[in-house]
1. How long is the gain from residue 50 to residue 89 if the chain were fully straight, where each residue apart is worth 0.36 nm and the alpha carbon distance is subtracted?
2. About its Cα centre, how strong a charge dipole does the chain have in debye, to the nearest 20, once Lys and Arg get +1 and Asp and Glu get -1 at the Cβ?
3. Expected output is a single nm value to one decimal: the length gained when fully extending between residue 80 and residue 123, i.e. 0.36 nm times separation in residues minus the C-alpha distance. What is it?
4. Trypsin sites (Lys or Arg not before Pro) within the stretch 43-134: which are DSSP loop residues with at most 14 other Cβ atoms inside 10 Å?
5. When N counts the residues of the stretch 6-75, how does its alpha-carbon radius of gyration compare numerically with 2.2 N^0.38 Å, as a ratio?
6. Please calculate how many Å² of accessible area the chain carries per residue, with a 1.4 Å probe and no DNA, RNA or ligand atoms counted.
7. List the GluC sites (Glu not before Pro) within the stretch 1-79 that DSSP assigns to loop and that have no more than 11 neighbouring Cβ atoms inside 10 Å.
8. Given the options 103, 76, 40, which has the most mean-square fluctuation in a GNM of the chain, springs set between C-alpha atoms less than 10 angstrom apart?
Amino acid sequence: MIGKLNHVAIVVPDLMAAAATYRDALGADVSEALDLPDHGVRTIFVNLPNTKIELLYPLGEDSPIAKFLEKNPSGGMHHVCYEVDDIIEARNHLTKEGARVLGDGEPKIGAHGKPVLFLHPKDFCGTLVELEQV
Ligand code: CO
């Protein structure tokens with residue numbers, strides 16, 4: 001059912017320092033910083049040949065990643081995102097398999113303007129999973 005790895009998201013305590021690490025030490029192509037107020041994050045994309053890394057930093061008062069950064073002050077991997085062809089079909093299959101979809105279970109428009117869902121980390125090897133319809 002799942003297709004390509006769309007991105008891995010990493011929450012960081014200093015966005016510009018993280019971008020410099022990826023650009024200078026790792027020699028990667030990094031984007032400008034982009035504010036996504038609807039998602040409560042400021043992000044920099046690291047474009048790799050086969051996928052993306054999203055560096056995330058909290059934006060605004062009630063950013064959904066503020067608590068994560070509190071618990072992981074030096075940053076850490078936040079989620080992986082897999083592509084699916086049909087997000088409703090994927091959700092129905094997953095709930096039938098006993099997996100928990102976060103929130104009200106309805107897809108939201110994600111950071112790339114496409115429908116996304118998040119799956120409970122306890123059902124997926126301790127990793128928060130995002131599904132994105134492409
Ligand atoms: Co994501």
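The values are calculated or read from the model by the stated rules, or taken from the named source; none is laboratory data. Because the structure is a prediction, the values reported are computed rather than measured. Don't worry about glycine lacking a Cβ; one is built from the backbone with ideal geometry, like all the others, and counts go over all protein chains shown. Ligands, DNA and RNA are excluded from the accessible area calculation, which covers all protein heavy atoms including side chains. Shrake-Rupley method; radii C 1.70, N 1.55, O 1.52, S 1.80 Å.
1. 11.5 nm
2. Approximately 320 debye in magnitude.
3. 14.1 nm
4. Hits after loop and neighbour filter: 100.
5. It is 1.06.
6. 58
7. Here the GluC sites (Glu not before Pro) that fit, given the DSSP loop and packing criteria, are 32, 61.
8. Top of the fluctuation ranking is 103.
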